[in-house]
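Enquirer: I am attaching a structure below and will ask some questions about it afterwards.
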């Protein structure tokens, strides 16, 4: 793992270097005091992560990370900034993967980068890493963006937040971005967020309006087909609603809804950055009569589940959500045999997508009755 730290304050760089030395981290690290030096270093040698202060002389953090995103899209981009820089930070919502408020403890940065290192083991294919890391925002259906825009310009501030939350919960693209920002230590010092309502309350109406306007104005260089985005959205909402209804405890239903809603963000990532990959494997799956994720695994050695989990992990979403997304087609990789969140999302996805789970897995997780009670009529006919 190669990590580049950029800050114009030498004492900050020295503090980070000292902590990492004491932790005996086996990383190759660089410490530079300007964006220009950082760009020169990146041109000289490859790096996996860049951690930059927002306020730099001449070319600031916005300019630096924007250039890094353009030139080295696989590099994970982390920004450090002060709480007075919200407007500037929002400019980086589609460029930086994670935000942290200054002063940020060096051991916190260490934990974040360790998690990023684990993500690269989850998705070792560098082309797929680049595909995910270059995504600033996921596509949303135009009709939802239009409704959000109307709420942004309305006068009912007290009623805006619940109404916006209801809309956002219908769209995996906006939900994932909201959770990324709301879980950021810059926008709130609390722990990461796993549900939309809490995220909305944390940000407040003003920041939420600014965020949704930023997302709504973000133009994709390769706009995906509207039908593709809507198909993923509709299926994801169905999985989310079913997973929430099957949760055994009321307090688990919210996380189940979010994990179900986000389980196919990897397909949105593919639709955005590499639609040809998605279409080829979809055609192959149809020809072979197998699920799409089976064709993906055979072709790439990975699936949209790992791509989506990698992206959400880069964005700092809670581990329980990332784990459920990554394993929603492979619950057998989870060591725990109880009905946890990954198994719940897997079962809901099987039911919604018409993929019949094996009797062995149903028995292992003790969900034979749950499956029998919720499976669709077509699946009942096949049994």
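Enquirer: Assess whether residue 112 counts as being over 13 Å from residue 314 (Cβ atoms), assigned to a helix (DSSP H, G or I) and in contact (Cβ under 8 Å) with a residue 40 or more places away in the chain.
Expert: Spelling it out, it is not the case that residue 112 is over 13 Å from residue 314 (Cβ atoms), assigned to a helix (DSSP H, G or I) and in contact (Cβ under 8 Å) with a residue 40 or more places away in the chain.
Enquirer: So, in region 20-54, how many residues would count as being at pLDDT below 90 and surrounded by fewer than 18 Cβ atoms within 10 Å (Cβ to Cβ)?
Expert: 6
Enquirer: Shifting gears a bit: Restricting region 232-244 to residues that are over 19 Å from the mean Cα position of the chain (by Cα) and without any contact (Cβ under 8 Å) to a residue 40 or more places away in the chain, which is surrounded by the fewest Cβ atoms within 10 Å (Cβ to Cβ)?
Expert: So, considering only residues that are over 19 Å from the mean Cα position of the chain (by Cα) and without any contact (Cβ under 8 Å) to a residue 40 or more places away in the chain, the one surrounded by the fewest Cβ atoms within 10 Å (Cβ to Cβ) is 241.
Enquirer: Out of all the residues in region 288-302, is one or more crowded, with 22+ Cβ neighbours inside 10 Å and either in contact with a helix residue (DSSP H, G or I) (Cβ under 7 Å, 6 or more places away or on another chain) or farther than 22 Å from residue 253 by Cβ (or both)?
Expert: Yes, some residue in region 288-302 is crowded, with 22+ Cβ neighbours inside 10 Å and either in contact with a helix residue (DSSP H, G or I) (Cβ under 7 Å, 6 or more places away or on another chain) or farther than 22 Å from residue 253 by Cβ (or both).
Enquirer: State yes or no: is residue 174 buried (at least 20 other Cβ atoms within 10 Å of the Cβ), farther than 13 Å from residue 308 by Cα, modelled with pLDDT under 90 and assigned by TED's automatic domain parsing to the domain that holds residue 195? Walk me through how you get there before you give the answer.
Expert: Numbers: buried (at least 20 other Cβ atoms within 10 Å of the Cβ): yes; farther than 13 Å from residue 308 by Cα: yes; modelled with pLDDT under 90: no; assigned by TED's automatic domain parsing to the domain that holds residue 195: yes.
No; evaluated as a whole, the condition is false for this residue.
Enquirer: Let me ask something else. Suppose we filter 40, 118, 69 for residues that are farther than 23 Å from residue 310 by Cα and assigned to a helix (DSSP H, G or I); which single one remains?
Expert: Unique residue meeting the criteria: 40.
Enquirer: If you don't mind, there's one more thing I want to ask. State whether one or more residues within region 1-11 are in the same structural domain as residue 81 (by TED's automatic domain parsing) and assigned to a helix (DSSP H, G or I).
Expert: For region 1-11, residues in the same structural domain as residue 81 (by TED's automatic domain parsing) and assigned to a helix (DSSP H, G or I): present.
Enquirer: May I pose another question? When the residues of region 94-104 are filtered to those that are modelled with pLDDT of 85 or more and out of contact with any strand residue (DSSP E or B) (no Cβ under 6 Å at 6 or more places or on another chain), which remaining residue is nearest to residue 75 (Cα to Cα)?
Expert: Applying the filter and picking the extreme gives 95.
Enquirer: Next question. I'd like the full set of residues that are under 18 Å from residue 239 (Cα atoms), assigned to a loop (DSSP other than H, G, I, E, B) and at pLDDT below 90, limited to region 363-383.
Expert: 375, 376
Enquirer: Mind listing whichever residues of region 128-141 are in a helix (DSSP H, G or I), touching a helix residue (DSSP H, G or I) at 6+ places or on another chain (Cβ under 7 Å) and surrounded by fewer than 19 Cβ atoms within 10 Å (Cβ to Cβ)? Explain how you work it out, then say what you get.
Expert: In the first step, residues of region 128-141 are kept if they are in a helix (DSSP H, G or I); the result is 128-133.
Going one step further and asking which of them are touching a helix residue (DSSP H, G or I) at 6+ places or on another chain (Cβ under 7 Å), we end up with 128-129, 131-133.
Result: no residue meets the conditions.
Enquirer: Scan the helices (runs of 4 or more DSSP H) fully inside region 256-336 and keep the ones with 1 or more residues being free of Cβ contacts under 8 Å to residues at least 24 places away in the same chain.
Expert: The helices (runs of 4 or more DSSP H) meeting that bar are 275-288, 292-300, 319-326.
The values are calculated or read from the model by the stated rules, or taken from the named source; none is laboratory data. Owing to the predicted nature of the structure, the values given are computational and were not obtained by experimental measurement. All Cβ positions, glycine included, derive from the backbone under ideal geometry; neighbour counts span all protein chains shown.
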